[in-house]
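The values are calculated or read from the model by the stated rules, or taken from the named source; none is laboratory data. These numbers were taken from a predicted model, which means no experiment stands behind them. Heads up, the Cβs are rebuilt from the backbone with ideal geometry, glycines too, and the neighbour counts pull from every protein chain shown.
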Amino acid sequence: MIAIASSLFNALIGTAGAQERAANRRDKLHHLIGKYHDRGLAEMIFRGEVWEGQTESQLLDSMGAPSCVNHGLPVSTASEVWNYGPRRSNRYRLRVKLEDGLVIDWEQ
């Protein structure tokens, strides 16, 4: 009987957690729609997309804070490179190049 009650309790907690995560995702999407006044743009950011011409603010909302930022690279046209998802020394899952606050290129 205790095992059944424990299983039922765990199932209820799991369901409540899933509902809370869904509500948080809904709230985040509504926040982005209100911030950018464009549902399509907000959905792209919500999905974590990166595109040419994306602003720094949109990139932060889409990908979060970068793991590392390189400024003024002499071998690149970019004024900054934002690096995401460190793999090993100086290797990243995603490198986003920005010039004048806009995304100009990225590499995965």
#### Entry: Boolean, Val81 is buried (at least 19 other Cβ atoms within 10 Å of the Cβ), touching a residue at least 24 places away in the same chain (Cβ under 8 Å) and either closer than 27 Å to His30 by Cβ or hydrophobic (A, V, I, L, M, F, W, C) (or both)
no
### Message
Report every pair of residues separated by at least 6 positions or lying on different chains whose Cβ atoms are under 6 Å apart, first residue within the stretch 15-32 and touching a residue at least 12 places away in the same chain (Cβ under 8 Å), second surrounded by 11 or more Cβ atoms within 10 Å (Cβ to Cβ).
### Response
Leu29/Phe46; Leu32/Ala42; Leu32/Ile45; Leu32/Phe46
### Query
Just wondering, is there one or more residues in the stretch 10-17 that are in a helix (DSSP H, G or I), among the hydrophobic types (A, V, I, L, M, F, W, C), modelled with pLDDT of 95 or more and surrounded by 10 or more Cβ atoms within 10 Å (Cβ to Cβ)?
no
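One line per residue, one yes/no per condition, for (1) in a helix (DSSP H, G or I); (2) surrounded by 12 or more Cβ atoms within 10 Å (Cβ to Cβ); (3) over 16 Å from the mean Cα position of the chain (by Cα); (4) at pLDDT below 95:
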position	(1), (2), (3), (4)
Leu32	yes, yes, no, no
Ile45	yes, yes, no, no
Glu49	no, yes, no, no
Gly53	no, no, yes, no
Leu60	yes, yes, no, no
Pro66	no, yes, no, no
Val96	no, yes, no, no
Val103	no, yes, no, no
Trp106	no, yes, no, no
